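The structure under discussion appears below in the form of structure tokens.
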Amino acid sequence: MTIARHLRLIDELRVREYPPEHAPSGSRSSGPGYHTAYLRGADEGGAAGEAASSESRAQVVAEQEALLDVLTRRWGEPDWVSLWSTRERMLRGEAIPEPWATSVVECQNLHLWKVDERWIALAFLGDKAVGSQCDVVVVVTSVDPP
């Protein structure tokens with residue numbers, strides 16, 4: 001993960017027009033009122049061995065925290081949002097709009113900023129287990145959180 005590359009992508013998503021229909025494209029997805037991008041964390045072809053995997057994982061976590069720090073300096077302290085109650089509402093049959101419905105399934109919580117007329121959410125995916133894939137998901141949307 002490179003912070004500069006991810007910041008460029010986030011800035012690009014903030015100004016890009018939303019498509020009229022859902023449009024997945026590799027590690028990105030867009031639709032009416034939102035853009036979502038998955039930022040690759042751990043290297044899938046990473047070094048062999050538990051020690052190397054543990055070091056790689058520690059580097060990914062440090063990079064994620066650095067990205068969060070840069071965004072916090074840029075936009076102020078984010079709201080930390082647990083998605084537990086929204087997930088429960090969805091399981092009871094309540095319709096949750098995209099991109100939040102997908103976020104509820106994939107994320108336990110997220111960091112949320114309101115910047116101009118758009119929400120920017122940052123969530124860390126994956127667990128802390130050695131060797132697990134760890135990604136960051138970024139959501140840029142005009143759809144208010146549920």
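Worth pointing out:
- 3J(HN,Hα) from dihedral phi, segment 69-78, Karplus parametrisation 6.51/-1.76/1.60, rounded to Hz, x for glycine, proline: 5, 4, 5, 5, 5, 6, 10, x, 4, x
- In this structure, the amide hydrogen of residue 39, modeled 1.01 Å from its nitrogen in the peptide plane, lies closer than 5 angstrom to those of 136, 137, 138, counting only residues at least 5 positions away or on a different chain.
- Integer Hz, Karplus 6.51/-1.76/1.60 couplings in order for segment 85-100, x for Gly and Pro: 5, 5, 4, 4, 4, 5, 5, 7, x, 6, 6, 10, x, 6, x, 5
- In order along segment 8-24, phi translates into HN-Hα couplings of 4, 5, 4, 5, 4, 5, 5, 9, 6, 5, 8, x, x, 9, 4, 9, x Hz, rounded to whole numbers, per the Karplus curve 6.51 cos²θ - 1.76 cosθ + 1.60 with θ = phi - 60° and x for Gly and Pro.
- Under-5 Å amide H pairs with residue 27, H placed in peptide plane, nonlocal only: none
- More than 17 Å apart - percent of Cα-Cα pairs taken over segment 58-111: 50
Values in this text are rule-based calculations from the coordinates and carry no lab data. Keep in mind that this is a model prediction, so the values were computed, not measured.
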